[in-house]
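The values are calculated or read from the model by the stated rules, or taken from the named source; none is laboratory data. Treat the numbers as computed from the prediction; the structure is a model and nothing was measured. Backbone-built Cβ (ideal geometry, glycine too); neighbour counts: all protein chains shown. Heavy atoms of the whole protein, side chains included, go into the accessibility calculation; ligands, DNA and RNA do not. Shrake-Rupley method; radii C 1.70, N 1.55, O 1.52, S 1.80 Å.
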Amino acid sequence: MKMAIDQKFLLPYFIITLFLISSFASSLNNDHLPNDNYFKQESGHDFRAYPSYFGHVVRGINFDNYSTKNVRKFGRSLKALVQTVNVLNFGAKGDGTTDDTKAFRKAWQQACSSPTNVKFMVPQNKNYLLKPIRFTGPCKSAITMQVSGTVVASNDRSDYSKDFRHWLMFESVQNLEVSGGGIIHGNGNVWWQNSCKINKAKPCTVAPTALTFFECTNLIVNNLKIKNGQQIQMSFEKCRNVEASNLVVNAPGNSPNTDGIHVTETQNIRISTSTIGTGDDCISIVSGSHKVRVTGITCGPGHGISIGSLGSGNSEAEVSDVVVNGAKLSGTSNGVRIKTWQGGSGSASNIKFQNIEMQNVENPIIIDQHYCDQDKPCKEKASAVQVKNIVYQNIKGTSASNVAIVFDCSTSHPCQGIVMQNVNLGGRNRGDLKAICNNVEFLNSGTFSPQCP
């Protein structure tokens, strides 16, 4: 009888205990759920800080809204429980002389096949020597590659015999973040000294892009240093929904064809809060790219921020909905530039350059529809890539040459819908500054200096 009574009274306590344990476990799981500020905290950048100009209309020129919905969703997913994959556990030495390519490849295979989210660790205070390698998807889950050490390219050119165009390549990977504060070092000097632009006796050949993202979706590249890439430092090709921020990209000012960040056939990309100094364009945006946002860029040395070149080899090109908002350029050979070849077709349209400072820039504002980057003179051709609906707003600084503004547009396809608002460029001898304006149609001439003749 006593035993029955004890069981009767113990049962409620047992039920209450189970309830408390269940609640505690639930609270632990909730600790891993992201809040609305997660993406801001992880990337160091808040999209809401730039609210209105993306959807702004300037007298008939519409700049479509830039969407970050999918990238935000991916950022929140990274908060979930993760598996750690460390390259040291797969045989990487990180001594700067041992080839660690196989170890990285094995580690990637493990990470890409994981059913749960993965943190791919490249530990600090080590130098990992890598030959060309592809990190190929699709993968089963989201991956964060945390590069905290230094990844160094092989300087043996024969290692690139199978693919002279790429060193590190991420291909067809969704929900990827590459960050960690480490260094990607391309060992570019061995390639530059064999370039025909440095040594005219050498044949003109291609060289690898240091870091390529090809057909990647929902991509974050944050807090990295890219140094001395063999040719292009970093390239986004056929990607969707990209956030690239807090990057430092460096190569000598005389290094050939070393574009800092190259964007091609990519949509919905933001490049922000980065410092770039190279021997070519700090940022180049070419055909097939749409909804591109560039903010908070420091550029120099280099060739400035460029749309193009477009239309080479009589090709069709399309670039639209590009906003460059907030940039400082110093000592560059160009400022903000649109360059197209004769004989091309298509258009470069709805492009806005605003809130830009220039110091000692050779060609601060330039549209060149007669671009010709070859030894032989280019032949005159009737067809051209149409340049239209271009806004220059709040641009100030100094020109290193006496020609501060150049609109060298096509006779058959004049530049259309050009807007100039509060553009003020000076120089050492302000009275000598001039603008060249050929075949250009202004939508709103506004206030700008120097004026067209």
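The table below gives the values:
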| read-out | value |
| --- | --- |
| Segment Lys106-Asn199, extension gain: residue separation times 0.36 nm, minus the distance between their alpha carbons | 29.5 nm |
| Segment 251-309: mean projected area of Cα convex hull, nm² | 3.5 |
| Label point distance in nm, Thr98-Asn444, each placed 7 Å from Cα along Cα→Cβ | 6.3 |
| Computed over segment 145-263, Cα set: Rg, Dmax in Å | 14.2, 45 |
| Surface per residue (accessible, 1.4 Å probe) for segment 161-295, Å² | 31 |
| Coil-residue GluC sites (Glu not before Pro) of segment 320-418, DSSP, other Cβ within 10 Å capped at 15 | Glu380 |
| Pairwise centroid distance, computed over Cα atoms, of segment 384-453 with segment 306-323, Å | 20 |
| Percent carbon-and-sulfur accessible area, segment 87-131, ignoring ligands, DNA and RNA, probe 1.4 Å | 46 |
| Cβ-derived FRET efficiency at R0 51 Å, Thr84 paired with Asn314, nearest 0.05 | 0.50 |
| Ranked by how many other beta carbons lie within 10 Å on average, peptides 104-116, 400-412, 241-253 from highest | 241-253, 400-412, 104-116 |
| Accessible surface of segment 168-294, 1.4 Å probe, proportion on carbon and sulfur as whole % | 45 |
| Segments 281-288, 155-162, 434-441, 129-136 sorted - mean Cβ within 10 Å per residue, highest first | 281-288, 129-136, 434-441, 155-162 |
| Surface per residue (accessible, 1.4 Å probe) for segment 314-409, Å² | 36 |
| Theoretical gain in end-to-end length, Asn125 to Ser172 [0.36 nm per residue, Cα-Cα removed] | 13.9 nm |
| Highest-first arrangement of 334-341, 199-206, 214-221, where packing means the average Cβ count within 10 Å | 334-341, 214-221, 199-206 |
| Whole-Å semi-axes of segment 114-167's equivalent ellipsoid (Cα gyration tensor) | 25, 17, 6 |
| Extension gain (nm, one decimal) between Val248 and Ser148, 0.36 nm per residue minus Cα-Cα | 34.6 nm |
| Solvent-accessible area, 1.4 Å probe, carbon plus sulfur percent, for segment 364-453 | 44 |
| Segment 188-323 - Kirkwood radius from inverse mean 1/r over Cα pairs (Å) | 14.9 |
| Kirkwood hydrodynamic radius over Cα pairs of segment 147-191, then Stokes diffusion coefficient at 10 °C and 1.306 mPa s, in µm²/s | 129 |
| Of Lys197/Lys328; Lys225/Lys291; Lys162/Lys202; Lys119/Lys339, pairs whose Cα-Cα distance is over 31 Å | Lys119/Lys339 |
| Over segment 259-350 - Rg/Rh using Cα atoms and the Kirkwood inverse-distance radius | 0.96 |
